[in-house]
Each structure stands twice: as structure tokens, then as C-alpha cells.
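The next block holds one structure in the form of C-alpha cells; read it before the comments.
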Amino acid sequence: MRTLLYPLSLALSMLLAWPVSGQTTQTEFGKNRVQYHRDFAEWSMYESRNFITYWYGEGRFIGQSVVQIAEYDFREIQGILEHRMNDKIEIIVYVDLTDLKQSNIGSEEAFVNTGGQTKIVGNKMFVYFNGDHNDLRRQIREGIAGVYLNAMLFGSNLQEIVQNAVMMNLPEWFKEGLIAFVGTEWSSELDNQLRDLLLRYPEDDFEDLAEKDPKLLGHSLWYFISQNYGNSTVSNLLYLTRINRSVESGFLYVLGSTYRRTLDSWERFFRDRYAEEAGQTTPPEGEVPVKNKRNLPITQLKISPDGQRIAYVLNEIGRYRVFIQDLQTGERTLVHKGGFRNAIQATDYNYPLIAWNPSGLELGVIYERRDVVKFLRYDIHSKERVVEDMSTQYQRIYSMDYITPTELVLSAAVRGHSDIFIYFTLTRQSQRLTDDFWDDLDAVFTRVHGQRGILFASNRTDSLLTRARLDSILPITTYDIYYLNLDKRDEGELVRITHTPHANERHPVSLDDTWFAFLSDESGIVNRKTGYLEDYIHHFEHVITFQDGEEMRLHADSIIEQVLDSAALAQIDTVTLDTVIKQRGVTHFNSNYSRNVLSQSKARRAGRLAELVFLDGAHRIFVHTIEPEAEVQPFLTQHQRQWMEWLSSRGEEVPPYEPGMEPLRVMPPVTQTPPRDTQPPTP
């Protein structure tokens, strides 16, 4: 193997608290797979205190994020598992999932499952970027946990691995659930999945349910243990389970309760929680029957501008089909199909993307074939399909919406950053709207009071529209909704519609020229919120006009005599006071559903809204009309109450409880575990 080494000029090394070195290597990786580009021929490396991070091609910025996030979370993960390793963990970084599937590294190993679990081979872990640094962080944390758990449970040398693998028969939920527990804290999304599973199978116990979803059930049990016995119990359970080679012995010695009694306590805890919540919410209305005998995931849903048709995507572990269905007759037409079934590697649920042309006569489909992004236009009357390649600058596209029949607004990754673009289909040219390291997703076109704009979700921390590159601030905060006025881009500022540090808002849609809607998990269940923009007085400014006609503006709180020198003061002609008017969002909840809304789509020329909801173990489609002015007070789940009470105990501002409603009973934990994002380790 021939290796070339030369130093990389890295600004990153000056920004990190850990020593980082860089080098580039050219290498062959053995077993072949079909590869559609030559980017894998040259790899570069960042080496920090605990990790060696490899990246290639246009993945430099992703590699920088990975090494920072890994070191950022490393001490906390060590604290949870109470384990140390002498060797550095190697992280192989891929631009997207397609590239990960092409890689030869570790090709002799299959993915553990198709549920998004980080791939691990020895002390190597493989991660990819999907536009969301929070998900990248989850992959990194799960990968670190997986490497550590393999070393803890099965040893570090061949003899220990063989001996422990033979003698230790761990249930599947044990390791998968623990990796997930370390990877991400218990969330409204996980709570929704467990709620649906328990209510769907009221007679099943933990082990029966664990056969259906071992990762989710294992995560919930470790969460239950940490909340009621403290985080230190987790590492003690691991240690005694390995020493005694028995899960039952570990539970008995550490928890003082038998394995069976602990599982019974888990079941009472969650079933009581969800039983108390039952009847406090309302189910969605207007379900649309869809032919889906095999209960395949629906990954995309869009309603036509006239509200007469829906388009959706079914994905069977990689083999997808795009349908258009008439809402009156129920007849459906196959628009496009592609991919192939692959039960070994992780399934790509991002592609294809769909959107209706404003005319309502054409459906746009963005998909990927052999690592080339394609754009298909399907005429619903002539059935004609026109396919063309999209610009090669896009590493991956995450969302699409039409502005005009020949203009699209995209959320896409270019050089490892997910930003907003306008794409001109006739010329295949792009206009970049955002250019920073924050994640900008779910971009949709809207008109507000006659002006063109873009609504999108972002984890940025301010509303300034400036070019920014990654430094010591990581884009791992929650998502808010922002508005970009296309007719006033020169102002260089966005309108921040929401500001919820402890909740996520995603999937905005335009309802009409005044109202918009988006999805929020603020209540513990992802519900719909509606809102509008209003003008308000932001501040006052002194407008100073000099004798030569030039103007200068100062904030009204500024003292002119302290800002200007005597010569400038002598040249002042007039000083007037100007009012600076800006816009802000006014929002309220508009639904109180019993399950999470996964996505939504609004008919541009009709008052109908399509929603995708996971209910009773299936993806279901609902189409109905809404009244955006109607304000609904959503029910707060018990998980969300417990989370808000913890925040309130720390003096943080949280939304109020529902009027007149008593707090739900919460099982008091022995040691309350603070949420991960609020207690990051100090670099």
C-alpha cells in the first residue's frame, strides 16, 4: 500500500480545544463495490485527542463537524458507561448515505439493521451527513457507545471475544437499546412510537414487544432505569452483567429487584402514563384509504393545488414507487418507480422528493440514480415523462417546492452545508439564498401580503443572513421557523417566527396570503401550529443629515456627542427621529392530536390540508379543511411535563400549563437525569 503524507493547513486546529493534526492518504480497500465517482481515491485525516477522523472529496466541513462533536460528547459518554480505552476510535465520514453504501471499507460487515443504527467494524465507526447535524451527532454518539460496549462486554483480544460471545447470551434489546440510550435522550418522537406500540398491543409484555422493536423497547427500559435509579446504575448493570454473564444477576444485584419484577415495573410505568393521557386528545379527521397491504412506509405526501389529488411515495426497504391518487374516485396512477430491495444496508428514505407544479397539471420528482440527481416532470394528462440531470453541485437534496412553473426552492447540501437555493429548471442554474454552517431544511414558497418569500426550518441561533463558517459553535440546537423575504433580500435579515430553545418546529406550509402553518413538538406530541406576520416597532434611530447631504444613523439610545467629534458635530444640518419597523411571527396551536404529525401539505388554490400521521402501526393519510384562526390548547404529555418541570427547577422559562389542568402524576426518580443538550461537557 502506497501512502503519501503532507501537512494540511487547518484553521480548525486553532479553533478546537484538542490538538488536531491533518494528513492525506491514498489507499486501496480490498473488496470491490460499484462506485460512481473517484472521490474515494484520496482520504484526508483529522487526529484529535480521542479520535482519528477520515474524510474525502467535498466532505471537509462535515469532517470538521464530526471531530468537534465527537470530542464534545466524549467525556459524557465515558461518564455514562464508566469505561476507558487506550486506542483512538476511527471515524469514517461520508458525504451522504449513497456514498456510504458504495464504500469498500468494512464491506465484509453488514449493517446491524435498517433502522438508522450506526455501522461499526472493530474500533471503526461509519457516519454520514443527511443535512441535520443533530442526526449526525446521534450517529456519532451511538458509534462511540457501540465501540465501547463491544470492548466492555466482549473484551479487547481475540480470546476474550470468543469466550464471552459463547458464554454470554444477551437479549437483542440489551445492546441495541443501550446504544440508542447513549445516542439520544428520550424524546417526543420516541415517546410517540412507544405510545402507539403499547396501545396497539395492550396484552403484550416487555419481551413480546421487544421482539417487534428491540431497539425502541431497550431504549425505553434503559431510560426507565436511569430515571428511577440514576445514571450510575447503567454502568453498574453493565459491569455485573459481564462478570456474571447473566442479565438476571445484574438486575438483582444492582437494582435489588429481579429481572421480571423490573420489567413489570417498566410496564406499569408506561402503561399508566399513556392511560392517563388517553381521552385528552383528538384523532385527526378525513382519512384517505390507500392501497398498502404490506404496510410500507409513506415517505412523501403532497396534495395538488386544486385539492383533488394527492401524490405519495411508498418505500419497501429501498424499492420505491411514486403514485398519484384521485381523492374522489380513489383511482391511482404509478408515476415512477426505482431502487431495489436491500435488507442488509440502511434504507434511503430521503429520495424520491415530490412537489406539484403550480398549474396542478404536472408533478415534479427528484430522485437519484447511480449517484446522479435526476429531475422528472410527469404530465398528469398526457402521461409524458421528461427526465433531466440536475446541477452537479448538489451532493444531496433534502426538500423541494415550486416557486413558479420553472423555478424551484431547494434545501440541499453543497460542500457539506445544507442551505437554501433557487433552482432554474430551464438553465440548470442556481441562486444561493443562505450560505452558512447552520442546517436549513423544509424550504417552501409563500406569499405574504403580496410579497414573495421562503419559509424554512433552521437550527441557527440568530436572524442575520450572513456568510458563516464553522468555528467553536456547533449547529446542534433545536429547529425554529424562519421567513426570508425574496423581495427584500438586500436587508440581510430573516424574520424569526418561532424561538423555542427546548422544542423543534419543522415542515412549514403556506395556507394563504396571510396565514402559514408548521409542526411543533412543544406539547410532547407533534401538532400543528398556525400563525401570521405582524409589523411592530423594533426601535428608534437618530437620522443625522450633514451639510454635504450625507446621512448617518444611530440608535436612539446613543449620545451623538459621544459618537461624533467636534468637527463632525459642526457639520450637522438636521437631526430627526425615525421609527424602525420590523416583522415578527404570531403563532398558536391549531390541533391537539393523539399521535405525531410526520409531515403536511397545503393545496395552494383550495382550503384543504393533507397530513401524514403514524397511527396504530401504520402511516396514514388525512385530508381535511382547517381554520387557521382557531386556537387550540394542546394536551401536555407526561413526558413533556416532567421535562418542563426539570427546566423550571433550573430557572429556565417554559411555556405555561393548560389553564385549569392539574399536573399529571410523575414517578419521582431517585436521581433526576438532566437532558443531554443542557449539560454539555466543557471542551
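The values are calculated or read from the model by the stated rules, or taken from the named source; none is laboratory data. Keep in mind the model is a prediction, meaning the values are calculated, not measured. Backbone-built Cβ (ideal geometry, glycine too); neighbour counts: all protein chains shown.
Quick notes on this structure:
- For the range 318-350, taking the residues that are among the aliphatic types (A, V, I, L, M) and at pLDDT below 95, the one that is surrounded by the most Cβ atoms within 10 Å (Cβ to Cβ) is identified as 346.
- Residue check for residue 446: polar (S, T, N, Q) and either at pLDDT below 95 or surrounded by 23 or more Cβ atoms within 10 Å (Cβ to Cβ) (or both): yes
- Restricting the search to strands (runs of 3 or more DSSP E) fully inside the range 452-562 and requiring at least 2 residues that are surrounded by fewer than 15 Cβ atoms within 10 Å (Cβ to Cβ) and without any contact (Cβ under 8 Å) to a residue 60 or more places away in the chain gives 527-546, 551-555.
- Filter result (surrounded by fewer than 21 Cβ atoms within 10 Å (Cβ to Cβ) and among the hydroxyl-bearing types (Ser, Thr, Tyr)) within the range 413-443: 425, 427, 430
- Failed item in (1) among the charged types (D, E, K, R); (2) closer than 23 Å to residue 219 by Cα; (3) at pLDDT 95 or above, with residue 287 passing the rest: (2)
- Scanning the range 361-418 for residues that are assigned to a loop (DSSP other than H, G, I, E, B) and under 18 Å from residue 603 (Cα atoms) gives 361, 380, 405.
- All of 631, 611 fail the test of being out of contact with any Ser or Thr (no Cβ under 7 Å at 6 or more places or on another chain) and in a loop (DSSP other than H, G, I, E, B), apart from 631.
- Within the range 387-438, the set of residues being among the basic types (Lys, Arg) and more than 24 Å from residue 349 (Cβ to Cβ) comprises 428, 432.
- Residue ranges of helices (runs of 4 or more DSSP H) in the range 82-168 with at least 2 members modelled with pLDDT under 65 and surrounded by 15 or more Cβ atoms within 10 Å (Cβ to Cβ): 158-167
- Hey, residue 379 surrounded by fewer than 23 Cβ atoms within 10 Å (Cβ to Cβ), more than 26 Å from the chain's Cα centre (by Cα) and modelled with pLDDT of 95 or more or not: yes
- A single entry from 265, 249, 257 fulfils the requirement of being part of a loop (DSSP other than H, G, I, E, B), polar (S, T, N, Q) and in the same structural domain as residue 203 (by TED's automatic domain parsing): 257.
- Options 640, 547: the member that is out of contact with any Cys (no Cβ under 6 Å at 6 or more places or on another chain), among the polar types (S, T, N, Q) and more than 28 Å from residue 195 (Cα to Cα): 547
- Checking every residue in the range 64-79 against the condition of being over 24 Å from the mean Cα position of the chain (by Cα), surrounded by 21 or more Cβ atoms within 10 Å (Cβ to Cβ) and either in a helix (DSSP H, G or I) or not assigned by TED's automatic domain parsing to the domain that holds residue 183 (or both) gives zero matches.
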